[in-house]
Every structure is written in structure tokens, then in C-alpha cells.
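FYI, it's all coordinate maths here, none of it is from the lab. Just so you know, these numbers come straight off a predicted model, no measurement behind them. Counting neighbours? That spans all protein chains shown, and the Cβs are built from the backbone with ideal geometry, glycine included.
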Amino acid sequence: MYGNSAMIDSRTKRVVIVGASDNPERYSHQAQLLLRQYGHAVVPVHPKLTEIEGVPVVADLCAISGPVDTVTLYVGPQISQTLKDKLVAIKPRRVIFNPGTENAALKMVLVSAGMECQEACTLVLLRTGQF
């Protein structure tokens with residue numbers, strides 16, 4: 001399982017990127033680069049990619065073990081709704097719904113499971129010191 005390796009510094013957040021992309025024009029790709037620049041550990045998730053910028057990609061949320069601070073969503077509601085049980089299972093502290101990924105039904109499930117949910121842009125949160 002991915003994620004049982006070295007300990008992460010207490011200031012570092014482990015961030016799962018659902019809908020990761022190797023296309024530099026995609027916001028999920030830009031977020032991965034910026035998260036790493038800010039010193040965060042990233043776990044990109046995409047069913048067909050194996051690595052992005054030298055970072056291993058996991059095909060499914062089920063492959064993630066260990067603590068997760070934040071999940072940042074870059075997939076639409078049709079896809080994210082199918083991930084609700086897997087998101088609850090990895091127990092992130094927070095889930096960020098980036099613009100265009102808002103999903104009220106999923107948000108209700110996650111909040112009821114004790115997760116913080118934000119409708120915000122990960123890039124903006126990072127650049128303004130609110131991440």
C-alpha cells in the first residue's frame with residue numbers, strides 16, 4: 001500500500017489530489033507543483049497514470065494508507081459521488097471542492113463523517129497563506 005514510508009514532518013500536510021493530471025495546463029497539475037513547492041507531501045490519484053513529475057500516482061483511493069490531512073478534488077460530481085465510501089475510509093481532516101467540483105450531497109456525507117469541507121481553490125488557498 002502506498003503511504004507506509006517515511007514519517008512526515010509535523011508542519012507538512014499530506015495532500016491527496018483526486019483527478020491529478022500530467023498536463024501542465026490543468027489546475028490539478030499546477031496544484032501538485034505548488035503543494036510540493038510549499039513542502040507538502042502529495043499523493044496524486046488517477047486511474048491511468050503511473051507518475052507525474054517523478055511522483056508515483058495511485059490508481060484508486062483504496063491504495064492509500066496512513067494519515068491524510070487534505071483531499072483536494074479536481075473531478076466533477078458524477079465521479080466524486082462514486083468516491084464517497086473511499087473518502088470516508090481514508091478519513092482526511094479536510095476535503096477541498098475546487099471550482100466546478102461542488103457536490104452538496106457528497107459534502108453532507110463527509111461533514112456527517114466528521115470532515116471539514118471547503119469550497120475553494122487550492123491554488124488560491126496556497127498563495128494567500130490560507131492552506
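Apply the Kirkwood formula to segment 14-127: the hydrodynamic radius equals the inverse of the mean of 1/r over all pairs of different alpha-carbon atoms; give it in Å with one decimal.
Numbers: mean 1/r = 0.0724 Å⁻¹.
Result for segment 14-127 stands at 13.8 Å.
Given R₀ = 25 Å, what would the calculated FRET efficiency be for E25 paired with A113, taking r from the Cβ atoms and rounding to 0.05? Display every interim value, and only then the final one.
Values: r = 34 Å, r/R0 = 1.35.
FRET efficiency, E25 to A113: 0.15.
Once you put a point 7 Å from the Cα of A63 and another 7 Å from the Cα of R127, both along the Cβ direction, what distance in nm separates them?
So the two model labels end up 3.1 nm from each other.
Give the cross-link partners of K48 among the lysines, using a straight C-alpha distance below 21 Å as the criterion and excluding same-chain residues fewer than 8 apart.
Leaving aside lysines fewer than 8 places away in the same chain, those within reach of K48 are K84, K86.
Neighbour counts of other C-beta atoms within 10 Å: give me Y27, Y74 arranged from fewest to most.
Numbers: Y27 18, Y74 27.
Result, fewest neighbours first: Y27, Y74.
What trypsin sites (Lys or Arg not before Pro) does segment 44-122 have in DSSP loop regions with at most 13 other beta carbons within 10 Å?
Values: sites: K48, K84, K86, R93, R94, K107; in loops: K48, R93.
The qualifying sites are K48.
For the chain, modelled as a GNM with alpha-carbon contacts under 10 angstrom, which of P92, P56, P24 fluctuates the most?
With Cα springs under 10 Å in the chain, the top fluctuation among P92, P56, P24 is at P24.
Can you give the extra length, in nm with one decimal, that the chain gains between V55 and D85 once fully stretched, where that is 0.36 nm per residue apart less the Cα-Cα distance? Walk me through the numbers on the way to the answer.
Numbers: separation 30, 0.36 × 30 = 10.80 nm, distance 2.53 nm.
Stretched fully, the V55-D85 segment lengthens by 8.3 nm.
With springs connecting C-alpha atoms under 10 Å apart, model the chain as a Gaussian network and identify which of T12, T101, T72 has the largest mean-square fluctuation.
Residue with maximal mean-square fluctuation among T12, T101, T72: T12.
Most exposed first by the Cβ proxy, i.e. fewest other Cβ within 10 Å, how do E51, E119, E25 rank? Working shown, then result.
Details: E51 10, E119 14, E25 7.
Lowest to highest Cβ neighbour count: E25, E51, E119.
Report, ordered by chain and residue number, the lysines lying within cross-link reach of K13, taken as a straight Cα distance under 19 Å and ignoring same-chain residues fewer than 8 apart.
Cross-link targets: K91.
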